[in-house]
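Before any comments, here is the structure.
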Amino acid sequence: MQRRLAGNPRAATGPRNPGVGGFSRRHRPKKTRRSGRLTAMLSSLERRGPPVTFDSCEVIMSQVSLLPLVVLGLSFTNHVAAAPKSIVEITEHIARDTLLSADHIYVVTGEIHVRAGVQLVISDHTTILIKNGDYATPAGNVTGKSALIFDSGSQLTAHTMYLKAGGADNNIAAYADNAGVSFLGSASIAEKDKLAVTFTTRPSRFSADALYASYLGHADSLPPAQPAASKDDDPGDDIDAINIIAVTGSEWEISELHSQFSGDDGVDIENSDLTLRDVTVTTPNEDGVNITSSRVSITGSLVVAMTSTGADDRDIFDMEWDDGRPFLRLMRNCKVDITGVFGDEMTMISDDLPQPRGEDAYSFDGRLRSGQTYIYAHDD
């Protein structure tokens, strides 16, 4: 079953499943632990009495502070028989507080923004596909691709969520040709891939237990013999999988970041000052972790596996100056498992990690027992 959300979400159309009542059936999941705002919101829905069936979206009124919410593709029935997850396509910006249900697979088609002042709540183990290919929609699309972008002042509340590349038939794709996911903070001025952040008094808030990204971003479309005048001026330039722009520590509460098979860098952090708990990057097309004019600390674990892809200029770390020296601090007892070429034009101070030697292969797997490790870029 496929539904499309465009313009007014109540106008969603598409063939209904010929099952009971014309809607897909929903299996009642086993009870799991929940916490925080998402727990309160989901519990309030469960206490609403007799099950209510919604078409592809509906406004739910409640005394819970998160509501009213637009619930995209949420269906309740009296039946517990399992049914295949239906597809809900998102083609317009998210401009009201919205819940995405794990009963559906959502497909982001075009450059979709979660607007300032809006909270996107994502149920545990929900899958979102970011569609591959070129898109000029909605109006104002600056990446030319499909992307999920959290604007400055927006909010994310989730447990475990999955972001994957989507194919032409709304299936899961095993290649990266999209503009990934971007989190825009509020505490500095920054611009990356034509996404601009200016200082604002409305903070962002991004909260999740774990974010798993697969085949997000896209590679540089220009051949090496035709370099662009500047990275941001290149309309065919690569875009990283997970982009964190102008975010401060008080805005960031995503515990685990996982990026695999990214079209460009696995994780890119620009003009930010924040602490991450666990970061895992596997087989990126270019660099593992790119830090530009940011101060980043990692407390729990850092795993970067630069499995060979045949591409050149791939490093575990890449650090760039823009508005200040980039800096990475790995805290004592942090678990570090990194393999690849370390990176150039950087200084490392560590009693645990061996010093890198130019372009030689680098590998370390262990815990930082002696103290903190500092990695920072040379003077620009």
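In table form, for the structure just shown:
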| read-out | value |
| --- | --- |
| Nitroxide proxy distance, nm - points 7 Å out along Cα→Cβ at Ala95 and Thr339 | 4.9 nm |
| Additional length obtainable on full extension of the chain from Thr347 to Arg115, 0.36 nm per residue less Cα span | 79.6 nm |
| Å² per residue, accessible surface of the range 233-335 at 1.4 Å | 33 Å² |
| Integer Hz, Karplus 6.51/-1.76/1.60 couplings in order for the range 104-114, x for Gly and Pro | 10, 9, 9, 10, 7, 10, x, 7, 9, 10, 8 |
| Added length on full extension, which subtracts the Cα-Cα distance from 0.36 nm per residue, Ile189 to Gln355 | 56.3 nm |
| Extension gain, Ala196 back to Ser308 (0.36 nm per residue minus Cα-Cα distance, nm) | 37.0 nm |
| Cβ crowding within 10 Å averaged over residues, with 268-277, 299-308 ranked highest first | 268-277, 299-308 |
| Estimated inter-spin distance, Ala174 and His378, nm [label 7 Å along Cα→Cβ] | 4.1 nm |
| Burial order of peptide ranges 104-112, 361-369 (average beta-carbon count within 10 Å, highest first) | 104-112, 361-369 |
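The values are calculated or read from the model by the stated rules, or taken from the named source; none is laboratory data. These numbers come from a predicted model, not from an experiment. As a convention, Cβ positions derive from the backbone with ideal geometry for all residues, glycine included, and neighbour counts pool all protein chains shown. Areas reflect the complete protein model, heavy atoms only, side chains present, ligands, DNA and RNA absent. Shrake-Rupley method; radii C 1.70, N 1.55, O 1.52, S 1.80 Å.
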